[in-house]
Amino acid sequence: MKIIYTDVLVIGGGLAGLRMAVAAKRRGHDSIVLSLVPPKRSHSKAAQGGMQASLGNVIKGAGDNEDVHFGDTVRGSDWGADQEVVRMFVNTSPKAVRELAAWGCPWSRITPGDRQVIINGEKVTITERKEAQGLVAQRDFGGTKKWRTCYVSDCTGHAMLNTVTDRIIAEQVPVIERVEALSLIHDGKRCYGAIVRDLITGELMAYVSKATAIATGGAGRIYRVTTNAVICDGTGYDLALGTGVATLSNMEAIQFHPTGIFP
């Protein structure tokens with residue numbers, strides 16, 4: 001069996017996996033990304049709504065901060081979210097949005113003056129500040145107290161994924177496409193990589209690493225009516241459970257988009 005060694009093995013070539021590999025490489029660790037499909041075909045590309053960050057750029061986001069964002073997120077999870085993770089996310093997301101902008105993500109920008117928006121089903125006129133011109137625009141999304149969703153028109157995932165893919169190329173991180181992780185290599189206490197199958201040749205390989213990350217997305221494809229891609233089948237969950245050591249939590253928290261409903 002062919003054996004490949006690396007510092008960090010990332011299983012999953014969507015936004016989370018690619019961004020993790022970039023971070024590891026920038027910290028001096030050799031990284032390899034394994035992906036079922038070419039990264040630009042990952043389901044991250046389908047995201048439209050946007051990414052939340054407490055920038056407070058738009059008039060409806062005035063006064064926003066990490067604490068308000070934290071409260072919205074915890075309440076929105078019905079107090080089921082891991083609050084340490086939520087705190088880390090809300091503190092990091094403003095930096096992440098600006099970092100993506102620096103990498104070339106074409107965030108929609110604020111145009112000052114009057115504009116009409118729909119709030120609670122009613123058309124309302126709001127006026128954006130002149131000094132906010134050119135800042136990253138934010139819109140209402142997900143029932144939050146402040147408007148904090150940064151977006152790229154209706155193709156946010158597409159733009160973010162292309163941006164991070166370009167960064168992967170710039171950092172010279174290898175992305176191995178058309179491969180599937182079958183099981184994790186572990187001793188019951190620590191993970192040392194994964195056994196991987198080449199989906200084209202059927203060859204089995206061992207990727208041995210100092211650290212392993214699973215970033216394979218969700219399991220929305222288990223439902224008959226879904227907008228999820230065929231690769232969203234919960235393979236990462238299976239990898240973790242297959243160890244007999246890892247546990248899964250909040251499995252009832254499945255995001256549902258009504259896009260799949262039709263008359």
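A short reminder: the numbers here are calculations on the coordinates, not readings from a lab. Just so it is clear, the structure is predicted and the values come from calculations on it, not from any experiment. Cβ placement follows ideal geometry from the backbone for every residue including glycine, while neighbour counts extend to all protein chains displayed.
Here are the numbers for this structure:
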{"read-out": "For HIS186, residues with placed amide H under 5 Å, excluding near neighbours", "value": "TYR192"}
{"read-out": "Estimated dipole of the chain in Debye, rounded to 20 [Cβ of Lys and Arg +1, of Asp and Glu -1, Cα centre]", "value": "440 debye"}
{"read-out": "Sequence ranges 113-123, 187-197, ranked by mean other-Cβ count within 10 angstrom, highest first", "value": "187-197, 113-123"}
{"read-out": "Vicinal HN-Hα couplings computed from phi for region 211-224 (Karplus, 6.51 cos²θ - 1.76 cosθ + 1.60; Hz; Gly/Pro x)", "value": "9, 10, 10, 9, 9, 9, x, x, 10, x, 6, 6, 8, 5"}
{"read-out": "Length-normalised contact order of region 198-263 in % [C-alpha pairs under 8 Å, at least 6 apart]", "value": "23 percent"}
{"read-out": "3J(HN,Hα) from dihedral phi, region 54-66, Karplus parametrisation 6.51/-1.76/1.60, rounded to Hz, x for glycine, proline", "value": "7, 7, x, 6, 8, 4, 7, x, 4, x, 6, 7, 4"}
{"read-out": "Amide hydrogen neighbours beyond the local backbone of SER153, cut-off 5 Å, H modeled", "value": "SER108"}
{"read-out": "Euclidean distance between Cα centres, region 1-64 to region 160-215, Å", "value": "13 Å"}
{"read-out": "Helical mean residue ellipticity (222 nm; -39500 (n - 2.57) per DSSP H run of 4+; nearest 500) of the chain", "value": "-8000 deg cm²/dmol"}
{"read-out": "Karplus 3J(HN,Hα) series, Hz, for region 170-183 with 6.51 cos²θ - 1.76 cosθ + 1.60 (x for Gly, Pro)", "value": "4, 7, 6, 8, x, 10, 9, 9, 6, 10, 10, 6, 8, 7"}
{"read-out": "Rel. contact order, % - alpha carbon contacts under 8 angstrom, at least six apart, the chain", "value": "26 percent"}
{"read-out": "Cα gyration tensor, region 49-154 - rounded (a/c under 1.5), prolate or oblate", "value": "oblate"}
{"read-out": "Among 7-15, 169-177, the order from most to least packed when residues are scored by Cβ within 10 Å on average", "value": "7-15, 169-177"}
{"read-out": "Built amide H within the under 5 Å cut-off of ILE4, gap 5+", "value": "ALA206, TYR207, VAL208"}
